[in-house]
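Visitor: Before anything else, here's the structure in question.
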Amino acid sequence: MKILAAVDSFKGSISSSEINGIIAKELEIKNLEVIQKPLADGGEGTIDALIDSGVAEKIDCMVIGSLGEKIKSYYALMNNGTAVIEIAQICGLPMIPENKRNPMHTTTYGVGEAIIHAINHGSDNVVITLGGSATNDLGMGMLQALGVTITDESDQPVLLGAAALKDIAHIDFSTCFTAIQNISLSVITDVQNPLFGQNGATFIFGPQKGITPEDAVQVEEQIKRLCTITPILEKYQDTPGAGAAGGLGAACLALEAQIFDGADWFMETLQVKEAIRQADVVITGEGKLDSQTLSGKAPISIANYANNLNKPVIAIAGSIDSSLLTRFYESGISVCLSVIPGVQTLEQAMERSQVQNNISYISQQIATFLSWPKK
């Protein structure tokens, strides 16, 4: 029997490659053949999965972090010369202490710096992954770093962060660095939200980043205003994915970026679909199986494809929303299994060594079942 292990990272705890390695170790003890494929969908862990798979190398760079400080970050340079920049490694929410999370003051400036670094490193094809940001600045920080002129009524440069959106009077894309105009730019995202509205960037994702209800209303009004005075932003305001990363999706579209579904892009890049076709059983999952999983996360994309090939899918997770089990099953998952064997606090469940033990535990159970004698 051939098993595919393709589990997304458990955010904040353990990488996709390490999870798959633990699963493979336990299953191989039972003489089961295991194919391992790192999994991601554009959020935290995407470039690590590319690097771990051997199709890319790690490139270090110094950029401005989300709070305006200089930080050491990195991106992935693929074997074909494509640079993949993960914003979660530059302005990601987990990088900020909870008491400092406030998208009114966080910036995407470092994303623009990373793009310039990749171009100077020789890449003419840049892919930006939009998951996991701590920002809601409409991508203005990134645009400033790329040479776009963003000024107030006195023609003075505006500050960084969503709080400064109210000061913007002019956005001039004609000053964007020529180097940016000469590359192929793409973005990958796991969300389809438009730029604004009740399902837009601010009201859907702002609260988890620390925005207050009062500030959310103000930011929403300013984003709408900036679209009315900037035709190129208005053009993309309703495009699915424009609201990703606090409106960074819209800013990238304004730079003529192509936008792709994160899970599909990753599955194609690492030939995950071919691995599904080869497997008899598929094991996938992520840290939490919940409503966001159903919105197009990698495990659901895996399950949909496997289901079309009549391949059984086992989904593992640290937390499972039991109210959504029927929908998970309708999406192609055969069974959902929690890796947690007993009562644990959230802190215990996310502690690295405990997660390793928990994944070993559930992998042993799966191995025992799959190797059960057939009559």
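Visitor: Could you list, in sequence order, all residues of region 51-67 that are without any contact (Cβ under 8 Å) to a residue 60 or more places away in the chain, in a loop (DSSP other than H, G, I, E, B) and under 28 Å from K100 (Cα atoms)?
Guide: If the condition is that a residue be without any contact (Cβ under 8 Å) to a residue 60 or more places away in the chain, in a loop (DSSP other than H, G, I, E, B) and under 28 Å from K100 (Cα atoms), then G65, L67 are the ones that fit.
Visitor: Can you name every residue in region 127-149 that is part of a loop (DSSP other than H, G, I, E, B), farther than 20 Å from Q237 by Cα and over 16 Å from the mean Cα position of the chain (by Cα)?
Guide: L146, G147, listed by residue number.
Visitor: I'm checking my understanding of the structure. Among residues of region 1-33 that are open to solvent by 10 Å² or more (accessible area, probe 1.4 Å), in contact with an Asp or Glu (Cβ under 6 Å, 6 or more places away or on another chain) and not small (G, A, S), which one is modelled with the lowest pLDDT?
Guide: Filtering first and then ranking leaves K11.
Visitor: Does L370 satisfy the criteria of being open to solvent by 40 Å² or more (accessible area, probe 1.4 Å) and either in contact with a Pro (Cβ under 8 Å, 6 or more places away or on another chain) or aliphatic (A, V, I, L, M) (or both)?
Guide: no
Visitor: Among the residues of region 81-107, which ones are over 15 Å from the mean Cα position of the chain (by Cα), touching a residue at least 24 places away in the same chain (Cβ under 8 Å) and outside any helix (DSSP H, G or I)?
Guide: G81, T82, A83, I96, R101, N102, P103, M104, H105, T106, T107
Here is a yes/no grid of residues against (1) under 16 Å from K37 (Cα atoms); (2) assigned to a helix (DSSP H, G or I); (3) open to solvent by less than 80 Å² (accessible area, probe 1.4 Å):
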site: F260; (1), (2), (3): no, no, no
site: D264; (1), (2), (3): yes, yes, yes
site: K273; (1), (2), (3): yes, yes, yes
site: A303; (1), (2), (3): yes, yes, yes
site: S323; (1), (2), (3): no, yes, no
site: S360; (1), (2), (3): no, yes, yes
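Visitor: Can I ask one more? Pairs, please: C-beta under 7 Å, at least 6 apart or cross-chain, first residue open to solvent by 30 Å² or more (accessible area, probe 1.4 Å) and in region 284-296, second at pLDDT below 90?
Guide: If the second residue must be at pLDDT below 90, the pairs left are S295/V191.
Visitor: Additional query: Condition check: modelled with pLDDT of 95 or more and over 24 Å from F266 (Cα atoms). Does N120 satisfy that?
Guide: On the way: modelled with pLDDT of 95 or more: yes; over 24 Å from F266 (Cα atoms): yes.
Spelling it out, N120 is indeed modelled with pLDDT of 95 or more and over 24 Å from F266 (Cα atoms).
Visitor: How many residues does region 111-149 contain that are buried (at least 24 other Cβ atoms within 10 Å of the Cβ) and either charged (D, E, K, R) or closer than 19 Å to R225 by Cβ (or both)?
Guide: Final tally of qualifying residues: 8.
Visitor: If you don't mind, there's one more thing I want to ask. Just give me the residues in region 191-240 being open to solvent by 60 Å² or more (accessible area, probe 1.4 Å) and of a type in the set (A, V, I, L, M), in sequence order.
Guide: The answer is I204, V217, I229.
Visitor: What are the pairs, 6+ residues apart or on separate chains, where a residue within region 27-50 that is in contact (Cβ under 8 Å) with a residue 12 or more places away in the chain and closer than 15 Å to F266 by Cβ has its Cβ under 7 Å from a residue that is part of a helix (DSSP H, G or I) and open to solvent by 20 Å² or more (accessible area, probe 1.4 Å)?
Guide: So the pair list comes out as Q36/G21; P38/S17; P38/D52; P38/S53; E44/P94; I47/Q89; A49/S17.
Visitor: Then there's this: Against the definition (part of a loop (DSSP other than H, G, I, E, B), of a type in the set (S, T, N, Q) and open to solvent by less than 20 Å² (accessible area, probe 1.4 Å)), how does S73 come out, yes or no?
Guide: no
Visitor: Kindly provide the set of residues from region 108-126 that are assigned to a loop (DSSP other than H, G, I, E, B) and out of contact with any Asp or Glu (no Cβ under 9 Å at 6 or more places or on another chain), ordered by number.
Guide: Let us first name the residues in region 108-126 that are assigned to a loop (DSSP other than H, G, I, E, B), namely 108, 121-124.
Of everything in region 108-126, those that are assigned to a loop (DSSP other than H, G, I, E, B) and out of contact with any Asp or Glu (no Cβ under 9 Å at 6 or more places or on another chain) turn out to be H121, G122, S123, D124.
Visitor: Continuing with this model, one more query. Would you call E153 free of Cβ contacts under 8 Å to residues at least 40 places away in the same chain, over 26 Å from F266 (Cβ atoms), open to solvent by 40 Å² or more (accessible area, probe 1.4 Å) and part of a loop (DSSP other than H, G, I, E, B)?
Guide: Judged against the criteria, E153 is a match.
Visitor: Same structure, new question: With the checklist (1) part of a helix (DSSP H, G or I); (2) closer than 25 Å to K25 by Cα in hand, flag the one item I314 doesn't pass.
Guide: Status for I314: all satisfied but (1).
Visitor: From the list T178, T106, pick out the single residue that is open to solvent by 10 Å² or more (accessible area, probe 1.4 Å), β-branched (V, I, T) and on the phi < 0 side of the Ramachandran plot. Give the steps one after another, and end with the answer.
Guide: Details: T106 fails: open to solvent by 10 Å² or more (accessible area, probe 1.4 Å).
Just one listed residue meets the conditions, T178.
Visitor: Quick check on I171: is it part of a helix (DSSP H, G or I) and either touching a helix residue (DSSP H, G or I) at 6+ places or on another chain (Cβ under 9 Å) or surrounded by fewer than 23 Cβ atoms within 10 Å (Cβ to Cβ) (or both)?
Guide: Numbers: part of a helix (DSSP H, G or I): no; either touching a helix residue (DSSP H, G or I) at 6+ places or on another chain (Cβ under 9 Å) or surrounded by fewer than 23 Cβ atoms within 10 Å (Cβ to Cβ) (or both): yes.
Spelling it out, it is not the case that I171 is part of a helix (DSSP H, G or I) and either touching a helix residue (DSSP H, G or I) at 6+ places or on another chain (Cβ under 9 Å) or surrounded by fewer than 23 Cβ atoms within 10 Å (Cβ to Cβ) (or both).
Visitor: Can you confirm whether T151 is touching a strand residue (DSSP E or B) at 6+ places or on another chain (Cβ under 8 Å) and under 18 Å from I223 (Cβ atoms)? It would help to see each step written out before you state the result.
Guide: Values: touching a strand residue (DSSP E or B) at 6+ places or on another chain (Cβ under 8 Å): yes; under 18 Å from I223 (Cβ atoms): yes.
Answer is yes for this residue.
The values are calculated or read from the model by the stated rules, or taken from the named source; none is laboratory data. None of the values given here were measured: they were computed from a predicted structure. All Cβ positions, even for glycine, are placed from backbone atoms using ideal geometry, and neighbour counts span all protein chains on display. Protein only, heavy atoms only, side chains kept; ligands, DNA and RNA dropped before computing areas. Shrake-Rupley method; radii C 1.70, N 1.55, O 1.52, S 1.80 Å.
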